[in-house]
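One structure, as structure tokens, below. Some questions next.
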């Protein structure tokens, strides 16, 4: 199967389709207007390519897709196509506080 994503002028994925293997190019020409991009280009080693869906963003210069930036302070790792916080999470269950630019453990997860 071939997987295609339709992107808008801002590079945001607005539609995805699955077509028979080897027919992606033909379908891109026949599908409704707009720009269509193969979801899985030849370089499948880019981790972010596995997270493509409606709302994902096509990064023209990098040739792949990323999820929307979760917080303004997070930076895109161009090797993995994943967003990274300014500091690593201390352990699972922590959440990011953008105002404090720090990780915290949510009170609702604390068991007394």
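Tell me the relative contact order for the stretch 69-112 as a rounded percent, counting alpha carbon contacts under 8 Å between residues six or more apart.
Computed value for the stretch 69-112: 27 percent relative contact order.
Calculate the spin-label point distance for residue 31 paired with residue 71, positioning each point 7 Å from the Cα along the beta-carbon direction, and give it in nanometres.
Each label point is offset 7 Å from its Cα along the Cβ direction, giving 3.4 nm.
Next question. Could you work out the Rg to Rh ratio of the stretch 69-112, with Rh taken as the Kirkwood radius (inverse of the mean 1/r over all Cα pairs)?
1.04
Laboratory data are not the source of any read-out in this text; all were calculated from the coordinates shown. Just so it is clear, the structure is predicted and the values come from calculations on it, not from any experiment. Cβ atoms come from the backbone with ideal geometry, glycine included; neighbour counts cover every protein chain shown.
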